[in-house]
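Accompanying notes for the structure given below.
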Amino acid sequence: MTAANPFLAPKPRPLVTGHRGVPLVEQENTMAAFHRARSLGVPAIELDVMVTRDEQVVCFHDDDTSRLTGETGSIRKRTWDQISRLRVQSRLCMGVDADGRDLWIDYPRPQPIPLLAEVLDEFAGKLAINIEIKPSSPTWSQRGDGSIVGEVIREAGAEDSVIVTSFDFFKLNALEKTHAALHSGFTYDDGMFRSLLDWLMFFPELRSQVTAVEGNQNPEALLNLVMESNAVGRWIGSTVIGVEHTLLDDDSVSRLRARGSQAVGTYTLLPLDVRTVRQIARANSPAEVERLVALGVDWIETDDPERLLELVAR
């Protein structure tokens, strides 16, 4: 499976990965966005999944549907029949731009919310797909979401086309226990230091690492240390890892590969919404793209895959 999977296969340059498709021109996480990615020659997409009340896996980023559909309510508390009637609106606020203004985008038409099974049926083998399982607070009732997602992938026969990533290692652990052949990995954000330490205290095997770094005054450097140790990945049994680009040092990729990560990806370059972006100029810099290519990362997620294709090809 490893040799066939585009994320893990040897490659001369990183896979340009459309973050939720191509959100500049089609609504995020919709079939229209994924079709647009393919028509532009983008080799890979990232999409978000959540599980409904009746355990159907849908492509959607938010638990509450109000931002995207205008209808207030939770994905988790709705059935697929209810969600299938909603539409992602044609005019959306996508966050805040680099000048601090609300970023509104007008799209051609409203779009339905797709099932993951539909996406895999249409695009597996045509696009490489990073399936991100959205995290939950430490709610044991939702830890089985990873197993549910893994079963959808297995039924679609899409193992060679996908990886599964998440900020939620409980869900990844459930995935690995039931679908160990899938390639999955934990994802690190440069603002997650305190919350990550709190989560890691749930695991006796990792508490020594938490104790070693608590109280230090350089959280970003210490988060880099925890990330490069790949302790979470080795505990889960994962084979890939996602890392915000600001956390990658010159030797991070080689260190991670030495500690069991068969593929290392990064995000989000050329971002639309900058509310959580700490280094906006860097995220939009061609020099940062050049640096990541030189590091040998396996994929780079972006809100503007068309532009990133040009930069990566330089």
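The values are calculated or read from the model by the stated rules, or taken from the named source; none is laboratory data. In this text the structure is predicted, and so the values were computed from the model without any measurement. No Cβ is skipped: glycine too gets one built from the backbone with ideal geometry, and neighbour counts run over all protein chains shown. We work out accessible area using only protein heavy atoms, side chains counted, and drop any ligands, DNA or RNA first. Shrake-Rupley method; radii C 1.70, N 1.55, O 1.52, S 1.80 Å.
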Of the cross-linked pairs LYS11/LYS134; LYS126/LYS177; LYS134/LYS171; LYS134/LYS177, which ones have a Cα-Cα span greater than 20 Å in the structure shown? LYS11/LYS134; LYS126/LYS177
Highest first, please rank the peptides 275-287, 21-33, 86-98 by the mean number of other Cβ atoms sitting within 10 Å of their residues. 21-33, 86-98, 275-287
Name the residue farthest towards the positive end of the dipole of the chain from the options LEU292, SER141, ASN130, assuming +1 on Cβ of Lys and Arg, -1 on Cβ of Asp and Glu, about the Cα centre. SER141
Please work out the C-alpha center-to-center distance from segment 220-258 to segment 103-148 and express it in whole Å. 24
Ignoring ligands, DNA and RNA, what percent of the accessible area of the chain is carbon or sulfur (1.4 Å)? 48
Fully extended contour minus Cα-Cα distance, from ASP249 to ARG13, at 0.36 nm per residue: 83.2 nm
Would you mind checking which residues have amide H under 5 Å from MET94's amide H? H placed 1.01 Å from N; only 5 or more apart, or other chain. LEU103, TRP104, ILE105
Test item: Cα-centred dipole of the chain, Lys/Arg +1 and Asp/Glu -1 on Cβ, debye: 200
Distant-in-sequence amide H partners of ASP190 (H built 1.01 Å from N, under 5 Å): GLU244
Amide N of segment 98-135 lying under 15 Å from the label point, which is placed 7 angstrom from the Cα of ARG91 along Cα→Cβ: 102-110
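Rg/Rh for segment 20-96: what does it come to with C-alpha atoms and Rh from Kirkwood?
Result: Rg/Rh = 0.98.
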Can you tell me the dipole magnitude for segment 42-150 around its Cα centre, using point charges on the Cβ only (Lys, Arg +1; Asp, Glu -1), in Debye to the nearest 20? 240
Dipole size in debye (nearest 20) for segment 269-314 around its Cα centre, Lys and Arg Cβ +1, Asp and Glu Cβ -1? 260
I want to check the label-to-label distance for THR178 and ASP63. Put each point 7 Å from Cα in the C-beta direction and report it in nm to one decimal. 2.0
May I ask you to give the solvent-accessible area per residue for the chain, in square angstrom, as obtained with a 1.4 angstrom probe? 42
Which of the listed residues, LEU270, ALA33, THR246, is farthest toward the dipole's positive end in the chain, when Lys, Arg count +1 and Asp, Glu count -1 at the beta-carbon? ALA33
Within segment 16-51, which residues have the backbone N less than 16 Å from the label spot 7 Å out from LEU309 along Cα→beta-carbon, could you tell me? 16-26, 33-46
